[in-house]
């Protein structure tokens, strides 16, 4: 592989006849969809998952993620974006993994999307996480409230 090829992201869409390596993603998508739908209807679970840094005002890139996903399931994309933009991606990916699991079980073949980000992709991902961390820290006052009910 040339040095230039290691920098370029590659994407491959294919099919597998067995769901051995990817079933965990379908299971995780199912859990997120079921839990998100339940919390959208009946309210947030009364469990505090925050670490000690949260109470000191230090927000992680994942702060507000649960509230964001629940807002997506309630159909409130603006609130979801306010809590954490990553929640939109998590909700979409969860639906996609669940749909992949169901479609594969019906058809007997599972679509597989392989992404090899390359060095440029990893650098962009790192920069995006840093930007998300900075954004979430700017939302600390909102994220330290009790949030959605």
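The values are calculated or read from the model by the stated rules, or taken from the named source; none is laboratory data. Remember, predicted model here, so these are calculated numbers, not experimental data. In this analysis, Cβ positions are derived from the backbone assuming ideal geometry, glycine residues included, and neighbour counts consider all displayed protein chains.
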Restricting attention to segment 63-75, does a residue exist that is in contact with a helix residue (DSSP H, G or I) (Cβ under 9 Å, 6 or more places away or on another chain) and closer than 29 Å to residue 8 by Cα? no
Which pairs turn up if I take residues in segment 52-67 that are at positive phi and in contact (Cβ under 8 Å) with a residue 60 or more places away in the chain and look for partners that are surrounded by 11 or more Cβ atoms within 10 Å (Cβ to Cβ) and assigned to a loop (DSSP other than H, G, I, E, B) with beta carbon separation below 6 Å, at least 6 apart in sequence or on another chain? 64/84
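Only helices (runs of 4 or more DSSP H) wholly contained in segment 11-109 count here; list those with 1 or more residues that are more than 20 Å from residue 136 (Cβ to Cβ).
Because the criterion is at least 1 residues that are more than 20 Å from residue 136 (Cβ to Cβ), the helices (runs of 4 or more DSSP H) in segment 11-109 that meet it are 23-42, 65-73, 86-107.
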Selection from segment 29-82 of residues that are farther than 24 Å from residue 131 by Cβ, at pLDDT below 90 and surrounded by 14 or more Cβ atoms within 10 Å (Cβ to Cβ): 44
If we keep just the residues of segment 6-21 that are closer than 11 Å to residue 118 by Cα and surrounded by 11 or more Cβ atoms within 10 Å (Cβ to Cβ), which is modelled with the highest pLDDT? 10
Of the conditions (1) out of contact with any helix residue (DSSP H, G or I) (no Cβ under 9 Å at 6 or more places or on another chain); (2) at pLDDT 90 or above, residue 25 clears all except one; give me its number. (1)
